[in-house]
Amino acid sequence: MIYSLYIVNKAGGLVYQKDFSDNLAKLSSNEYLVLAGTFHGVHAITSKISPLYNSSGIEMIEAEKFKLYCFQTLTGSKFLLITAPQQNNVDPYMKRIYDIYSDFVMKNPFHTPEMPIRSDQFDQSLLKLIKNINGP
Amino acid sequence: MSDSVNTPRLSTNSSIYTEQRVARGKTILDRNLNKTRGAEVSLSAQSFLFSEMLQYTQKRVNGIQDLERKLNEFGYRVGTRMLELLTWREKVAKRETRVLGVLYFIHNVVWRSLFGKQADSLEKSTENEDEYMISDNDPILTRYISVPKELSQLNCNAFVAGIVEACLDGYQFPARVTAHTVPIDGFPQRTTILIKLDKEVLQREELLK
């Protein structure tokens, strides 16, 4: 069960945020921006303080009521998925979301890279995918 | 006087150059025209190229009409070359002289060569004698393009409209061709290419009846 998706750009700014479940608390847009920026900072710190050389940053945070998965692309964009605590493997979902992103956002001439995403088709395809995953 | 010593050397250099070119073998002009028949191009590559064409044009125009006109011009250049190639490949003895024949050619041959399938419908307008419509339920060229609300009037298939206009002009059926979004159930991206034939074409058609 996927609760929400955040896309963070290279500089740490929030580029896209969507909730897919009604049980989530409604935050103000500023709070979403702060969340994204904070995670970006923590991600950078964790990649540096890891005892092993050349580690990636945080990939998964497990809490009592949710799990947060982070996928960092080769270009520095981060895809954050907040899911139910029972969710074990989100790799195929991440890949599908990244596919949809590279299709409907990157190939859109009206989208400026690293800027907030305003694309109808991206929203629709994402909604269809998440509906399929979350089930009826 | 020293020129007479230099010029023979110059001409020998240039003749060596031309000999090398001929010896190198086939140029693109010698290739078989049927070699790339049925060849396919990655949709992603085409989408990126088209996206860049759009961004390039956007910086150099002011207004949606201007943008569509520029895209139409791009398509026109593609259309003239496509028409020559496709008519040669078809190897049909007679040239189309009737409106319906030309429209069928565009509906079948041109669409199949561009998009791998026939266009979805060919209609004649009931209101105007000189208007015909070719529709595509899911135009692949603009599949990944989401037009922002400020430009909702823009239809990027103006490029395809340009290709159609060039084909019509080449067949001696001058017309004004535009692209319009006409969504229906199940096909929100449906695009109609509206063809408005010139008066002379209708007069000629009357004579041929």
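The values are calculated or read from the model by the stated rules, or taken from the named source; none is laboratory data. All values derive from a computational prediction rather than experimental measurement. Please note: Cβ atoms are built from the backbone with ideal geometry, for glycine as well, and neighbour counts cover all protein chains shown. What goes into the accessible areas is simple: the full protein's heavy atoms, side chains included, and nothing from ligands, DNA or RNA. Shrake-Rupley method; radii C 1.70, N 1.55, O 1.52, S 1.80 Å.
Structure notes:
- Flag if residue A:15 is closer than 30 Å to residue A:120 by Cβ, under 14 Å from the mean Cα position of the chain (by Cα) and of a type in the set (Val, Ile, Thr): yes
- When we screen B:200, B:123, B:129 for residues that are free of Cβ contacts under 8 Å to residues at least 24 places away in the same chain and loosely packed, with under 15 Cβ neighbours inside 10 Å, the only hit is B:123.
- Taking the criterion of being more than 8 Å from the chain's Cα centre (by Cα) and open to solvent by 20 Å² or more (accessible area, probe 1.4 Å), the residues of region A:70-81 that qualify are A:72, A:74, A:75.
- Some residue of region B:153-166 being open to solvent by 20 Å² or more (accessible area, probe 1.4 Å), at pLDDT 90 or above and closer than 29 Å to residue B:202 by Cα: yes
- Test: residue in region B:123-139 that is at negative phi, within 15 Å of the chain's Cα centre (by Cα) and away from chain A (no Cβ under 14 Å): yes
- Among the residues making up region B:141-152, those that are open to solvent by 50 Å² or more (accessible area, probe 1.4 Å) and either within 26 Å of residue B:83 (Cβ to Cβ) or outside any loop (DSSP other than H, G, I, E, B) (or both) are B:143, B:149, B:150.
- The requirement of being within 14 Å of another protein chain (Cβ to nearest Cβ), part of a helix (DSSP H, G or I) and buried (at least 16 other Cβ atoms within 10 Å of the Cβ) is fulfilled somewhere in region B:71-91, by at least one residue.
- Selection within region B:41-59 - among the hydroxyl-bearing types (Ser, Thr, Tyr) and part of a helix (DSSP H, G or I): B:44, B:47, B:51, B:56, B:57
- Checked against the criterion of being out of contact with any Phe, Trp or Tyr (no Cβ under 6 Å at 6 or more places or on another chain), basic (Lys, Arg) and within 20 Å of residue B:75 (Cα to Cα), the candidates B:204, B:190 yield just one match: B:190.
- Within region A:110-136, being within 14 Å of chain B (Cβ to nearest Cβ) and open to solvent by less than 40 Å² (accessible area, probe 1.4 Å) holds for A:111, A:117, A:119, A:121, A:122, A:125, A:126.
- Residue check, residue B:201 at pLDDT 95 or above and assigned to a helix (DSSP H, G or I): no
- Residue that is farthest from residue B:160 (Cα to Cα) [pool: residues in region B:27-54 that are surrounded by 13 or more Cβ atoms within 10 Å (Cβ to Cβ) and polar (S, T, N, Q)]: B:44
- Output for region B:55-64, where each listed residue is surrounded by 13 or more Cβ atoms within 10 Å (Cβ to Cβ) and away from every other protein chain (no Cβ under 14 Å): none
- Residues in region B:176-196 that are touching a residue at least 40 places away in the same chain (Cβ under 8 Å) and within 21 Å of residue B:84 (Cα to Cα): B:177, B:195.
- A search for C-beta distances below 7 Å between a residue of region B:68-81 that is touching a residue at least 24 places away in the same chain (Cβ under 8 Å) and under 19 Å from residue B:194 (Cβ atoms) and any residue that is open to solvent by less than 50 Å² (accessible area, probe 1.4 Å) and not in a helix (DSSP H, G or I), counting only pairs 6+ apart in sequence or on different chains, returns B:68/B:154; B:71/B:156.
- Qualifying residues in region A:93-104 (those that are over 15 Å from residue B:43 (Cα atoms) and free of Cβ contacts under 8 Å to residues at least 40 places away in the same chain) - the one least open to solvent (accessible area, probe 1.4 Å): A:94
- Filtered by the rule that a residue be over 16 Å from residue A:116 (Cα atoms), among the polar types (S, T, N, Q) and either touching a Cys at 6+ places or on another chain (Cβ under 8 Å) or open to solvent by 60 Å² or more (accessible area, probe 1.4 Å) (or both), region A:8-54 gives A:23, A:38, A:54.
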